[in-house]
Amino acid sequence: NTIDAAKFENVALGDMQFSDKDWVFLNLAAANKVATIDPLTAATPVHEGNLSTGTRPVHLYRDRNDGEVIWIMNDGDNAAGTTTPGDDLVNCATQGGGSVTVVHNGHLGPGGSPPTLLGTTCLLADGHKVAAFADNKQVFVSSTTAGEIAVLDGDETSANYRKMIARIDLCRSAKETTPCNDESATPITTAFTPNASAPHGIRWSTLTKKVYSIQEGYGEIAEIDPATLAITKTFDLAGTPYTSYGISPDGKYLLLRGETTAPQATKLGVIDLSAATPAVADLTIPELDGTSAGAFKFAPNSGRFYILAGNGATATKKDRLFAFDWTTVAPPALTLLREIPLVSTGGHGFDILAEGAGEVKYLVVSNAAPANSLTIINAIDHQEKQTVAVGANPGGVMVFDSGAALAGNQASN
């Protein structure tokens, strides 16, 4: 089934997510809205409507503490020549900065109700936004340009629900050309002074119960204690090729990803958070030589790890999906299960379908123009099972199955 572009106001489609109660959400950045889709009630998915967010919603997350709640990151104005870069002009024109919109999924079926907008919170901070959810029901939202992390109350029973209750200034004088301002006494209603830390990736560890934020401007990862909001560890990435990261769902490993160009290769490393003294350790994977860095995902049970070969201009090895047995990780070794060949085309995206206790059953790969198709791969033998023609130039792909959220599919972290 295909939903007509007019339902999505004829704008480019962005991030997708689904809730515990099986509603599907799709960001419409240029329309400043999020689309809501009922995938189950009728014979084919039904577009329910488009809810207003803030200016330019980019990422959206399912709350790991309440899967019926979706948090939408509004990155703000990015028009050419703008005098208000990063500002949510819909909700925060006076305060400045981007924002976060929160939606409750509603319920499907008889007597059900469509998703509802709970509200938008202004963060007084510019830049691209990503989020992580701590066990204490605090929501951590980083802003790249501002160089800070906003802490929001994610407890629906709290009088401060959705309010910004604290901020973490990521500025480090040793990494700046001028000393950092002391923001400890800055009121919650006043913007911090921006810095060059450039946070762009934030994760929660279910093992250590800490938040991890990568500062691309500083080349480091900070560990944050959600109880005190203090930075308790810093991992220096200087001298390594690593520029982005993820976390295994069991919270044990930070997965580091980078790229070299002489020679061309994707590079992977890990930080074992369970170690007495966690440190960066490189993985040696010769099969990734010649590739450029692509998207990656873990199985929800941490048993498998998958990474695409990107289609970068300098790559000599393209159109591949690599499947690894993550249970074997022991730096520098990681067992490759299969290097899966993909159709030669303009680029790929992929997603996984996990069931039960988080075991991956299938992988679905999008094949951009000129292939214009989706490939379904069995996650047991890693063999292609079917290729399906779709619309022009598919990009992002999300696999939905009723109840899949409970198996950890599309987990926020």
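The values are calculated or read from the model by the stated rules, or taken from the named source; none is laboratory data. Fair warning: this is a prediction, and the values are worked out from it, not measured in the lab. Cβ placement follows ideal geometry from the backbone for every residue including glycine, while neighbour counts extend to all protein chains displayed.
Among the residues of region 89-134, what is the count of those that are crowded, with 24+ Cβ neighbours inside 10 Å, in contact (Cβ under 8 Å) with a residue 60 or more places away in the chain and of a type in the set (S, T, N, Q)? The total comes to 2. Output the residue which, of all residues in region 152-193 that are among the basic types (Lys, Arg) and over 24 Å from LYS233 (Cα atoms), is farthest from the chain's Cα centre (by Cα). Among those that are among the basic types (Lys, Arg) and over 24 Å from LYS233 (Cα atoms), it is LYS163. Looking across region 336-367, the residues that are without any contact (Cβ under 8 Å) to a residue 40 or more places away in the chain and more than 15 Å from ALA295 (Cα to Cα) come down to PRO341, SER344, THR345, LYS361, TYR362.
In summary, strands (runs of 3 or more DSSP E) completely within region 190-241 and bearing 3 or more residues that are touching a Lys or Arg at 6+ places or on another chain (Cβ under 9 Å) and surrounded by fewer than 20 Cβ atoms within 10 Å (Cβ to Cβ) occur at 231-236.
Sort out which residues of region 273-292 are more than 17 Å from GLU220 (Cβ to Cβ) and more than 24 Å from the chain's Cα centre (by Cα), and write them in order of number. Within region 273-292, ALA275, ALA276, THR284, ILE285, PRO286, GLU287, ASP289, GLY290 meet the criteria. Of the numbered criteria (1) within 21 Å of ASP88 (Cβ to Cβ); (2) touching a strand residue (DSSP E or B) at 6+ places or on another chain (Cβ under 8 Å), the one ALA146 fails is (2). With respect to SER248, determine if the residue is within 21 Å of the chain's Cα centre (by Cα) and touching a residue at least 40 places away in the same chain (Cβ under 8 Å). So SER248 passes the test. Suppose we filter region 31-59 for residues that are at pLDDT 95 or above and loosely packed, with under 15 Cβ neighbours inside 10 Å; how many remain? Residues meeting the conditions: 2.
Checking the conditions here, which among ALA35, ALA30 is over 28 Å from LEU406 (Cβ atoms), of a type outside the set (Asp, Glu) and either in contact (Cβ under 8 Å) with a residue 60 or more places away in the chain or not in a loop (DSSP other than H, G, I, E, B) (or both)? Outline the logic, then answer.
On the way: ALA35 fails: over 28 Å from LEU406 (Cβ atoms).
When all the criteria are applied, what remains is ALA30.
Table: residues versus (1) modelled with pLDDT under 95; (2) of a type in the set (S, T, N, Q); (3) at positive phi.
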| residue | (1), (2), (3) |
| --- | --- |
| CYS180 | no, no, no |
| SER184 | yes, yes, no |
| THR190 | no, yes, no |
| HIS200 | no, no, no |
| TRP204 | no, no, no |
| LEU207 | no, no, no |
| ILE214 | no, no, no |
| TYR218 | no, no, no |
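Check region 66-80 and report whether any residue there is under 17 Å from the mean Cα position of the chain (by Cα), of a type in the set (S, T, N, Q) and at negative phi. Yes - at least one qualifying residue is present in region 66-80. The set of residues in region 257-314 being of a type in the set (A, V, I, L, M), crowded, with 18+ Cβ neighbours inside 10 Å and free of Cβ contacts under 8 Å to residues at least 40 places away in the same chain consists of ALA265, LEU288. Scanning region 208-236 for residues that are β-branched (Val, Ile, Thr) and within 16 Å of GLY258 (Cα to Cα) turns up ILE214, ILE221. Within region 319-354, if we keep just the residues that are within 17 Å of VAL388 (Cα to Cα) and hydroxyl-bearing (Ser, Thr, Tyr), the residue that is surrounded by the fewest Cβ atoms within 10 Å (Cβ to Cβ) turns out to be SER344. Scanning region 9-27 for residues that are in contact (Cβ under 8 Å) with a residue 12 or more places away in the chain and among the polar types (S, T, N, Q) returns GLN17, SER19, ASN27.
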